[in-house]
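The block underneath contains the structure these notes are about, expressed in C-alpha cells.
Computed from the coordinates by the stated procedures, all read-outs in this text should not be read as laboratory data. Since this is a predicted model, take the numbers as computed values, not measurements. Here the Cβ is made from the backbone with ideal geometry for all residues, glycine too, and neighbour counts use every protein chain on show.
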Amino acid sequence: MASKKDKFEYMNRLLRTYMINMHHFFTTLTPQLTLTPQQARTLLYIKDHPGLIQRELGDYFHIRNASITNMLKNLERDGYIVRRNDNESARIKRIFLTKEGIEKTSQIKDVFDQAYQQIVEQLDEETIDAVIKSMMNINNELKR
C-alpha cells in the first residue's frame with residue numbers, strides 16, 4: 001500500500017502532467033490565432049477588465065513584471081492593445097484593447113470554447129465538481 005507521501009507525490013506528478021498537457025493542447029490551437037496561449041489569455045483578461053494596470057496582470061497570472069512588460073510590448077506592437085496615461089497619475093499606464101484586439105478576442109473565445117468543449121464532453125459534472133473542491137482545499141491549505 002502506498003504511503004500518504006507517495007500518494008501526494010503521485011498527485012503532484014498528475015497535476016504537472018495535466019498542466020503540461022493543457023499547455024500543449026492550447027499551443028496546438030493557438031497558431032491559427034498567431035498568439036501564444038499566454039497572450040490569448042491575457043487579451044481575454046484585458047477584455048473583461050478594461051483599464052487595468054500591468055501589475056494587476058502579473059498578480060492575476062502569477063507572472064514576473066519583466067515577463068508581463070515584454071508580452072505587453074509585443075501585444076502593443078501587433079496592434080492589439082494600447083496603454084494610456086492614468087487621469088490621476090502620469091506614472092500609471094492603463095491598458096485597453098484596440099479594435100483589432102477586440103476582434104482577436106472573439107477569435108480566441110471561439111477557439112478556446114471549442115477546446116473546452118472537447119475536454120468537457122469527456123467529463124461528467126460530478127468529476128469536475130470533485131476536482132474543483134479538491135483543488136480549492138489544497139490551495140486553501142497552501143495559503144495558511
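Numbers below:
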| item | result |
| --- | --- |
| Candidates A40, A90, A115, ranked by Gaussian network fluctuation over the chain, Cα under 10 Å, top entry | A90 |
| Globularity index of segment 4-143, i.e. its alpha-carbon radius of gyration over 2.2 N^0.38 Å | 1.24 |
| Other-chain or far-sequence residues with amide H under 5 Å of I92's (modelled H) | D86 |
| Prolate/oblate/rounded label for segment 9-74 (Cα gyration tensor, a/c 1.5) | oblate |
| Cut-off under 5 Å, modelled amide H: who pairs with L52 long-range | I95 |
| The chain - mean residue ellipticity at 222 nm from DSSP helices (-39,500 (n - 2.57) per run, n ≥ 4, rounded to 500) | -23000 deg cm²/dmol |
| Burial ordering of D59, D48, fewest other beta-carbon atoms within 10 Å first | D48, D59 |
| Mean separation of Cα contacts under 8 Å, 6 or more apart, over the residue count of segment 51-144: relative contact order % | 20 percent |
| Karplus 3J(HN,Hα) series, Hz, for segment 98-108 with 6.51 cos²θ - 1.76 cosθ + 1.60 (x for Gly, Pro) | 8, 4, 5, x, 5, 4, 5, 5, 5, 5, 4 |
| Contour excess over end-to-end distance, with Cα ends at N74 and M22 and 0.36 nm allotted per residue | 16.4 nm |
| In sequence order, calculated HN-Hα J values of segment 125-141 (Karplus, 6.51, -1.76, 1.60; Hz; x Gly/Pro) | 4, 4, 5, 4, 4, 5, 5, 4, 4, 5, 5, 5, 4, 5, 5, 5, 5 |
| Tensor-based shape of segment 88-144 (alpha-carbon gyration tensor, a/c under 1.5 rounded, otherwise prolate or oblate) | oblate |
| Sites K5 and E126 - FRET efficiency at Förster radius 25 Å, r taken between beta-carbons, to 0.05 | 0.35 |
| Pairwise label distance in nanometres, I53 with K93, each label 7 Å out on the Cα-Cβ vector | 1.4 nm |
| Neighbour-count ranking [beta-carbon atoms within 10 angstrom, fewest first] of M71, M1 | M1, M71 |
